[in-house]
Amino acid sequence: MAEPLLQIVYASSASYLMTEDELDELLDEVRANNERLNVTGMLLYKDGCFIQVIEGPQSTIENLYNSIANDDRHEDAVELLHEFIPSREFGAWTMGYHRLNEDELNGFNNFFSQNHTISENAKLGGEALKLMLSYR
């Protein structure tokens, strides 16, 4: 029997502002790793802030999120959504990417606060997922 599919949405802050070249290198690395691991998802970036969804086999996604949370390129990773899904929502993307402009991020600055309750994070996670799906 196949392992259940898990989807995690998280927000984090980059440990420094990344250049376009550094972001391109990061995306190349992530896409190759995700293809090898059978992981799909989407990454949004704005002025040092990341919002990402990753989906795939449960154990793979849990291990990957732990690795991301401990990666020195990120700080203050906040898990916003952690749920089992019947099918992939980003199945065509080893890692889709969009650089947000100020208008697109309006109202989403709260993702980067670690002072939310679990229910508040779930609400934010749902909103983040809707935003990412709009770029799919």
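The values are calculated or read from the model by the stated rules, or taken from the named source; none is laboratory data. Small disclaimer: the values here were computed from a predicted structure and weren't measured. Quick reminder, even Gly has a Cβ in these numbers, built from the backbone with ideal geometry, and neighbours come from all protein chains shown.
Looking across the range 70-105 at every residue that is among the aliphatic types (A, V, I, L, M) and closer than 16 Å to residue 33 by Cα, the one that is surrounded by the most Cβ atoms within 10 Å (Cβ to Cβ) is identified as 95.
Within the range 74-92, residues that are closer than 15 Å to residue 57 by Cβ have Cβ atoms under 6 Å from residues that are surrounded by 14 or more Cβ atoms within 10 Å (Cβ to Cβ) and of a type in the set (Gly, Ala, Ser) in these pairs: 90/41, counting only partners at least 6 apart in sequence or on another chain.
Can you give me the number of residues within the range 52-69 that are assigned to a strand (DSSP E or B) and more than 11 Å from residue 90 (Cα to Cα)? Talk me through it step by step, then tell me what you get.
Going residue by residue through the range 52-69, those that are assigned to a strand (DSSP E or B) are 52-57.
Right, trim to more than 11 Å from residue 90 (Cα to Cα) and you get 52, 57.
Qualifying residue count for the region: 2.
Scan the range 7-18 for residues that are of a type outside the set (A, V, I, L, M, F, W, C) and either modelled with pLDDT of 90 or more or in a strand (DSSP E or B) (or both) and report the count. Total satisfying the criteria: 4. Scanning the range 19-42 for residues that are part of a loop (DSSP other than H, G, I, E, B) and either over 20 Å from residue 65 (Cβ atoms) or among the polar types (S, T, N, Q) (or both) yields a count of 2. Residue 65 passes every criterion in (1) at pLDDT 60 or above; (2) more than 24 Å from residue 2 (Cβ to Cβ) apart from (2).
Is it the case that the range 84-91 has a residue that's in a strand (DSSP E or B) and at pLDDT 90 or above? Spell out how you get there, then give the answer.
Quick first cut of the range 84-91, residues in a strand (DSSP E or B) only: 84-85.
Filter once more, so that each one left must be at pLDDT 90 or above: 84-85.
Within the range 84-91, one or more residues are in a strand (DSSP E or B) and at pLDDT 90 or above.
Is at least one residue of the range 56-65 more than 19 Å from residue 27 (Cβ to Cβ) and small (Gly, Ala, Ser)? Taking every residue of the range 56-65 in turn, at least one turns out to be more than 19 Å from residue 27 (Cβ to Cβ) and small (Gly, Ala, Ser). The set of residues from the range 77-97 being closer than 29 Å to residue 19 by Cβ, of a type outside the set (Gly, Ala, Ser) and more than 13 Å from the chain's Cα centre (by Cα) is empty. Scoring residue 34 on the criteria (1) buried (at least 17 other Cβ atoms within 10 Å of the Cβ); (2) farther than 16 Å from residue 91 by Cα leaves a single failure, condition (2). Can you name the residue in the range 70-83 that is modelled with pLDDT under 90 and in a loop (DSSP other than H, G, I, E, B) and, of all such residues, is nearest to residue 7 (Cα to Cα)? Applying the filter and picking the extreme gives 71.
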